[in-house]
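*Asks:* I have a structure I would like to understand better, so I am pasting it below and will then ask my questions one at a time.
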């Protein structure tokens, strides 16, 4: 019995419940020089060959550090130091979007600072068999990529067109206040000049779930005009059923609805 139990543990990576082998641990540290600043980051625990590869990618991308090469803390290259009043990144946080036998997906958020501070969200999705970062293009056939790209851009265009109609109606209103006209004029200029010159799905953030994909096109605004951007990011959800006929072999293997028990 003991031998059999040991054998089960040793071959656990091949069992259906692969996600149970992995878990996300929350690493939280206070800046020793500025203890009011608390930083958190996801650390994947599990099969070392997979977990270490994923952690290395995340830490290099977000913390500007080679995995395992920190002197004192993995946050040492991004938090503020004595004599350096501005941190490279503030309010660092994360959200685990998905962890199952196919994918680990996590969104890292915070405030990146240089001349000014700008909020950000970046989502990373990894293949749990290889530890490699997954790109959106890889899920779709060549024809599927074109179809999904066209659908995304059409959705964005329609939302902008509807917003422009709304703005023009507001500008034509007799009840418009003097101070509001300038704001609406700026908003109209923003959306009239919001381009959709994308030629690939590679540019878009995506978030997988057990039932589908949410694909995100970045907002029209930059830091200077963020306050007048009512639309924000352009998000489109596709169920796995909707995507099925557009998938590549890889997508067909990985993008399957979770079976109900």
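*Asks:* With respect to residue 207, is the statement that it is under 16 Å from residue 151 (Cβ atoms) and surrounded by 13 or more Cβ atoms within 10 Å (Cβ to Cβ) true?
*Replies:* no
*Asks:* Only one residue in 99, 149 is more than 15 Å from the chain's Cα centre (by Cα) and either modelled with pLDDT of 95 or more or under 27 Å from residue 197 (Cβ atoms) (or both), so which one is that?
*Replies:* Values: 99 fails: more than 15 Å from the chain's Cα centre (by Cα).
Of the residues listed, the single one that is more than 15 Å from the chain's Cα centre (by Cα) and either modelled with pLDDT of 95 or more or under 27 Å from residue 197 (Cβ atoms) (or both) is 149.
*Asks:* Could you check the range 111-125 and list, in sequence order, the residues that are over 30 Å from residue 254 (Cα atoms) and at pLDDT 90 or above?
*Replies:* In the first step, residues of the range 111-125 are kept if they are over 30 Å from residue 254 (Cα atoms); the result is 111-119.
The answer is 111, and nothing else.
*Asks:* Counting just the residues of the range 213-254 that are part of a loop (DSSP other than H, G, I, E, B) and in contact with a strand residue (DSSP E or B) (Cβ under 6 Å, 6 or more places away or on another chain), which one comes out surrounded by the fewest Cβ atoms within 10 Å (Cβ to Cβ)? Please lay out each step first, then the result.
*Replies:* Restricting attention to the range 213-254, the residues satisfying the condition of being part of a loop (DSSP other than H, G, I, E, B) are 218-222, 229-233, 248.
Retained after the next criterion (residues that are in contact with a strand residue (DSSP E or B) (Cβ under 6 Å, 6 or more places away or on another chain)): 233, 248.
Values: 233: 12, 248: 17.
Result: 233.
*Asks:* Oh, and also: Can you find a residue that is at pLDDT below 95, over 14 Å from residue 77 (Cα atoms), buried (at least 16 other Cβ atoms within 10 Å of the Cβ) and assigned by TED's automatic domain parsing to the domain that holds residue 97 anywhere in the range 22-34?
*Replies:* No, that holds for no residue.
*Asks:* Here's a follow-up. Determine whether the range 108-119 contains at least one residue that is in contact with a strand residue (DSSP E or B) (Cβ under 8 Å, 6 or more places away or on another chain), closer than 24 Å to residue 238 by Cα and in contact (Cβ under 8 Å) with a residue 24 or more places away in the chain. Walk me through it before giving the result.
*Replies:* First, pick out the residues of the range 108-119 that are in contact with a strand residue (DSSP E or B) (Cβ under 8 Å, 6 or more places away or on another chain): 108-113, 117-119.
Retained after the next criterion (residues that are closer than 24 Å to residue 238 by Cα): 108-109.
With the extra rule that they be in contact (Cβ under 8 Å) with a residue 24 or more places away in the chain, the set shrinks to 108.
Yes - at least one qualifying residue is present in the range 108-119.
*Asks:* Go through the residues of the range 147-155 one by one and say whether even a single one is in contact with a strand residue (DSSP E or B) (Cβ under 6 Å, 6 or more places away or on another chain), assigned to a loop (DSSP other than H, G, I, E, B) and buried (at least 19 other Cβ atoms within 10 Å of the Cβ).
*Replies:* no
*Asks:* Shifting gears a bit: Only one of 146, 181, 168, 163 is out of contact with any helix residue (DSSP H, G or I) (no Cβ under 8 Å at 6 or more places or on another chain) and more than 30 Å from residue 22 (Cβ to Cβ); which? Reasoning before the result, please.
*Replies:* Numbers: 181 fails: out of contact with any helix residue (DSSP H, G or I) (no Cβ under 8 Å at 6 or more places or on another chain); 168 fails: out of contact with any helix residue (DSSP H, G or I) (no Cβ under 8 Å at 6 or more places or on another chain); 163 fails: out of contact with any helix residue (DSSP H, G or I) (no Cβ under 8 Å at 6 or more places or on another chain).
Exactly one of 146, 181, 168, 163 is out of contact with any helix residue (DSSP H, G or I) (no Cβ under 8 Å at 6 or more places or on another chain) and more than 30 Å from residue 22 (Cβ to Cβ), namely 146.
*Asks:* Sticking with this one: Can you tell me which residues in the range 54-76 are under 22 Å from the mean Cα position of the chain (by Cα), surrounded by fewer than 16 Cβ atoms within 10 Å (Cβ to Cβ) and part of a loop (DSSP other than H, G, I, E, B)?
*Replies:* 64, 66
The values are calculated or read from the model by the stated rules, or taken from the named source; none is laboratory data. Note that the coordinates shown come from a computational prediction; the quantities given were computed from them, not determined experimentally. Every residue, glycine among them, receives a Cβ derived from its backbone with ideal geometry; neighbour counts consider all protein chains shown.
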